[in-house]
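Report on the structure given below.
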Amino acid sequence: MRQLPMPDGRTLPVLGQGTWGMGERPDARRAEVDALRHGLDLGLGLIDTAEMYGAGGAEEVVGEAIRGRRDEVFLVGKVLPGNAGRRAAVEACEASLRRLGTDRFDVYLLHWRGRVPLAETLEAFAELREAGRIGAFGVSNFDPADLDELAGLPLGREAVTDQVLYNLTRRGVELDLLPQCRERGMPVMAYSPIEQGRLLDRPELADVARRRGATPAQVALAWVLAQDVCAIPKAATTEHVEQNRAALDLRLDADDLAALDAAFPAPANPVPLEIL
């Protein structure tokens, strides 16, 4: 698995497993657990989750999936902005770890900006790191101005990643946020890398897929991976997991990239950070 360097000297796998939407339907739980476990079998050890997903239900699904296999997992979690106070963030992290049945996150993120002062949240993250409950901390849905504020705080310079919406139809981050993160050595995690399937019926994407003997979803995912970011697509079936894993080996050539760039152009000017 290709890795991206993080500021703390560790590395981030370029492809993982997302869990947004998991843990919401009891009848889907078995398939969700099996999908995550199959992903581990295929080397997709990065699993991203959050206390918000399924009101903790996704964390319970992940907990079942990783039971007995924690050492194979690079576990990323997120705290809600309403739980981002000094004591509240520690308590929220502990509650998430209980649902997951583990003693630590590898990386713990602030899900998005809220009313709690950022410095206070970072102090909670530093406390959790000191206690061994998280290995590192980062942010999610931070725009360039947020990242500037983060970098202006002593602890903020220790953040290891920013997780944002990024795919062929959401390319605004290429103009400012991606260069800013690269300059700081902070890898980006891309959520919804195939736009929750909404872009898959575009004929231009289908043309590239036919040429490469792949599916449109694999091409869209391979394009994101070609941008030197980490992608965390969700897959709720073992078949879908296998398709995602195969995208890691799909190398788009210059003609493919040019066709996709023409069909899905980046905006000409900076745009506000998009969020789903």
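The values are calculated or read from the model by the stated rules, or taken from the named source; none is laboratory data. Keep in mind it's a predicted model, so treat the numbers as computed, not measured. Counting neighbours? That spans all protein chains shown, and the Cβs are built from the backbone with ideal geometry, glycine included.
Brief remarks on what is shown
- Residues in segment 53-73 that are under 21 Å from residue 8 (Cα atoms) and buried (at least 20 other Cβ atoms within 10 Å of the Cβ): 73 alone.
- Checking each residue in segment 95-153 for being assigned to a helix (DSSP H, G or I) and of a type in the set (D, E, K, R) picks out 98, 99, 120, 123, 127, 129, 130, 146, 148, 149.
- Identification of helices (runs of 4 or more DSSP H) wholly contained in segment 213-276 with 2 or more residues that are over 13 Å from residue 167 (Cβ atoms), at pLDDT 95 or above and within 16 Å of the chain's Cα centre (by Cα) yields 238-247.
- Selection within segment 25-46 - assigned to a loop (DSSP other than H, G, I, E, B), surrounded by 15 or more Cβ atoms within 10 Å (Cβ to Cβ) and of a type outside the set (A, V, I, L, M): 45
- Within segment 40-86, the residues that satisfy the criterion of being under 15 Å from the mean Cα position of the chain (by Cα) and among the small types (Gly, Ala, Ser) are 45, 50, 58, 77.
- Residues (closer than 24 Å to residue 268 by Cα, in contact (Cβ under 8 Å) with a residue 60 or more places away in the chain, surrounded by fewer than 19 Cβ atoms within 10 Å (Cβ to Cβ) and of a type outside the set (A, V, I, L, M)) located in segment 168-226: 169, 171, 174, 176, 184, 202, 204
- Inside segment 150-170, residues that are at pLDDT below 95 and aromatic (Phe, Trp, Tyr) make up a count of 0.
- Taking segment 158-188 as the range and being under 14 Å from residue 274 (Cα atoms) and either touching a His at 6+ places or on another chain (Cβ under 7 Å) or assigned to a strand (DSSP E or B) (or both) as the test, the residues that pass are 162, 163, 164, 165, 167, 170.
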